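What follows is one structure encoded as structure tokens, with my remarks underneath.
Quick note: the coordinates plus some simple rules give every number you see, no bench work behind them. Small disclaimer: the values here were computed from a predicted structure and weren't measured. In this analysis, Cβ positions are derived from the backbone assuming ideal geometry, glycine residues included, and neighbour counts consider all displayed protein chains.
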Amino acid sequence: MSVRLFPRTAMLVLSVALWACGGQQDEPAAGSSETVAEETATSEAPSVTIAGRTLTTTVTTEEATAEPLAAGTWDLALAEDGTFEVTDANAEGHVQGSYRIEGDRIVFTDASGPGMCEDDPEGEYRWTMAGDEVSMTAVDDTCPGRLTVLTAHPLTMR
């Protein structure tokens, strides 16, 4: 009878030893602090960056109630060097400035152009990406034109 128990006991001891030495590990329980920490880290640092990309959007007159001049089609070019330019459908520049990305946040600082926000040149947003769409949510911004163009609906990457 002891001969039959030996293989089972040996497998149990081997399994425990492998687990203790970093072999197969159990997944954290759903809702555990490990799972929450992983989800938080993922949401705070999108795996794909928008630096070096051009985002486009069309704002309707209904969406532009806070800033009627924001109605139209806009391209937001985010250069790799940390500068940006907003152009209209005719490729005319409206705002130029700089931006910085920190995890899931992006801060725009207007520097020049007829559409720049002189009273509030800096605006901070949280961004997320789903497929080729980028959604922005204002964290701290009072510029009605920038708010309207960036948050009316998701922007599309080109």
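Kindly indicate whether residue 148 is surrounded by 16 or more Cβ atoms within 10 Å (Cβ to Cβ) and in contact (Cβ under 8 Å) with a residue 60 or more places away in the chain. So residue 148 fits the description; yes.
Of the residues making up region 121-130, those that are in contact with a Ser or Thr (Cβ under 9 Å, 6 or more places away or on another chain) and either under 13 Å from residue 156 (Cβ atoms) or surrounded by 15 or more Cβ atoms within 10 Å (Cβ to Cβ) (or both) are 121, 122, 123, 125, 126, 127, 129. Can you confirm whether region 60-80 contains a residue that is acidic (Asp, Glu), under 22 Å from the mean Cα position of the chain (by Cα) and more than 18 Å from residue 153 (Cα to Cα)? Taking every residue of region 60-80 in turn, at least one turns out to be acidic (Asp, Glu), under 22 Å from the mean Cα position of the chain (by Cα) and more than 18 Å from residue 153 (Cα to Cα). Scanning region 78-104 for residues that are among the charged types (D, E, K, R) and in contact with an Asp or Glu (Cβ under 6 Å, 6 or more places away or on another chain) yields one hit, 104.
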